[in-house]
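Student: There's a structure below that I have some questions on.
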Amino acid sequence: MMLLSQIAFVVRLVIGGVKYKVMAATDRGDTTFEAHRPLLFSIAYRMLGSASEAEDVVQDAWIRARQDDKADVRSPRAYLTTIVTRLCIDQLRSAERTRMEYPGPWLPEPLAEPNQESAELASSLTTAFLVLLEQLAPTERAVFLLREVFEFDFDEIARSVGKTEANVRQILTRARGRLRDARPRFTASRRESEEIVKRFRHACVTGSVEELMTVLHTNAELVADGGGKALAATRPVLGADRIAEFVIDVVGKLRWSESDPQVVTINGAPGLLLRHPTFGNGTYSFDIADGRIRAIYVVRNPAKLRGFLEHTH
């Protein structure tokens, strides 16, 4: 059993533009925090779809926990997870109006370096999965992630979201039902995905509509997020024919070749990074199943690309 004052970490505070450090009181406390940081970030990122916001939530959670020095903590993991989960739920609820007023489609912030995650968690990190989670209300998302992805027990989840175990089970059933039809039964392997991404890149650079059509699912969709700060489609582009026309005729073969698109890892899966001296940067993430691209997610909002570009060479 530990008091929160014994679980000491190193955090940075920004007050009036000046950075301060709150230092760990014991090496044991710092070790405890570092052991749980990856899990806390993983939960927060999947909840919020933003690496920068997830980092802020993890820091805020520690500050709140440290101030609660009378708390009798039997499990630091459960206690800190509860704080992070509730902060994320509150943030999602407060962001609902902002999301509604967002110029064009909203997409998650691309992640360059997965946070020391296991192979079992990889499928829940992809852009396609995070977009799928947008169908769930904040509490549904928390329950679904904690149970289906992180395999928390129902009693732990109930404490984290402030519900009874019976309510949590009902919420999980509802969340599963909402996502059941949207989740592909068979996903591509890493090798197959990378090959399809390379074929997509070659078709765009050479302007080959025929080759592009061979890698696109008939009912594929393209969703672009410019955030009102970069040129991007303001509505989803639906169907292989329209996507081919958009990426080759609208974006243009010349712009593709000038961008020198690189195959990179985006949210744990193969994707493309485009850097153009005039038109700016962008990431292309792909949802691939049954040997074809079902969806393309393009992020061109500079604010969402900043962290990704810092970690990509």
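The values are calculated or read from the model by the stated rules, or taken from the named source; none is laboratory data. It should be emphasised that the depicted structure is a prediction, and the values quoted were computed from it without experimental measurement. Only protein heavy atoms, including side chains, enter the accessible area calculation; ligands, DNA and RNA are left aside. Shrake-Rupley method; radii C 1.70, N 1.55, O 1.52, S 1.80 Å.
Student: Based on the alpha-carbon gyration tensor of the range 171-222 and its eigenvalue square roots a ≥ b ≥ c, which shape applies: rounded if a/c is under 1.5, prolate if not and a/b is larger than b/c, or oblate?
Tutor: prolate
Student: Ok, one more. Would you kindly find the accessible area of TYR79, with a 1.4 Å probe and non-protein molecules such as ligands, DNA and RNA excluded, rounding to the nearest 10 Å²?
Tutor: 60 Å²
Student: If you take the square roots of the eigenvalues of the alpha-carbon gyration tensor of the range 229-313 and sort them as a ≥ b ≥ c, do you get rounded (a/c under 1.5), prolate (a/b over b/c) or oblate?
Tutor: Oblate, since a/c reaches 1.5 and b/c is not below a/b.
Student: Moving to a separate point now. What figure, in Å² to the nearest 10, do you get for the accessible area of VAL299 with a 1.4 Å probe and non-protein molecules left out?
Tutor: Spelled out: VAL299, probe radius 1.4 Å, area about 10 Å².
Student: Enter the accessible area per residue of the range 73-166 (Å², integer; probe 1.4 Å; all protein chains in place).
Tutor: 47 Å²
Student: How many angstrom lie between the C-alpha centres of the range 174-238 and the range 253-313?
Tutor: Going from one Cα centre to the other spans 12 Å.
Student: Taking θ = phi - 60°, what integer Hz values does the Karplus form 6.51 cos²θ - 1.76 cosθ + 1.60 yield along the range 47-63, in sequence order, with x for Gly and Pro?
Tutor: Karplus-based 3J(HN,Hα) across the range 47-63 equals 5, 9, x, 9, 5, 5, 5, 5, 4, 4, 5, 4, 5, 5, 4, 5, 4 Hz.
Student: On full extension of the chain, what length is gained from GLN135 through MET100, given 0.36 nm per residue of separation minus the C-alpha to C-alpha distance?
Tutor: Once the chain is fully extended between GLN135 and MET100, it gains 11.2 nm.
Student: To two decimal places, what compactness ratio does the range 136-196 give when its Cα radius of gyration is scaled by 2.2 N^0.38 Å?
Tutor: This ratio for the range 136-196 stands at 1.40.
Student: Per residue of the range 197-203, what does 6.51 cos²θ - 1.76 cosθ + 1.60 with θ = phi - 60° give for ³J(HN,Hα)? Whole Hz please, x for Gly and Pro, Karplus curve as stated.
Tutor: For the range 197-203, the Karplus-derived couplings read 5, 5, 5, 4, 4, 4, 5 Hz, x marking Gly and Pro.
Student: If you don't mind, another one. Please list MET100, MET213 from largest to smallest accessible area, probe radius 1.4 Å, with all protein chains kept in place.
Tutor: From most accessible down to least: MET100, MET213.
Student: For the range 193-313, give the share of DSSP beta bridges that are antiparallel, in percent and rounded to the nearest 5; count only bridges with both residues there.
Tutor: If I count the DSSP bridges inside the range 193-313, around 75 percent turn out antiparallel.
Student: Continuing with this model, one more query. If you look at just the Cα atoms of the range 140-262, how large are its Rg and its Dmax in Å?
Tutor: 20.4, 58
Student: So, one more: Which whole-Hz ³J(HN,Hα) couplings does the range 272-288 yield from phi under the Karplus relation 6.51 cos²θ - 1.76 cosθ + 1.60, θ = phi - 60°, glycine and proline marked x?
Tutor: 10, 10, 10, 10, 10, x, 10, 8, x, 9, x, 10, 10, 9, 10, 9, 10
Student: Follow-up. How would PHE144, PHE150 line up by accessible area, probe 1.4 Å, largest first?
Tutor: Largest accessible area first, the list is PHE150, PHE144.
Student: Using the Cα gyration tensor of the range 76-155, with a ≥ b ≥ c the square roots of its eigenvalues, what is the shape: rounded (a/c below 1.5), prolate (a/b larger than b/c) or oblate (neither)?
Tutor: oblate
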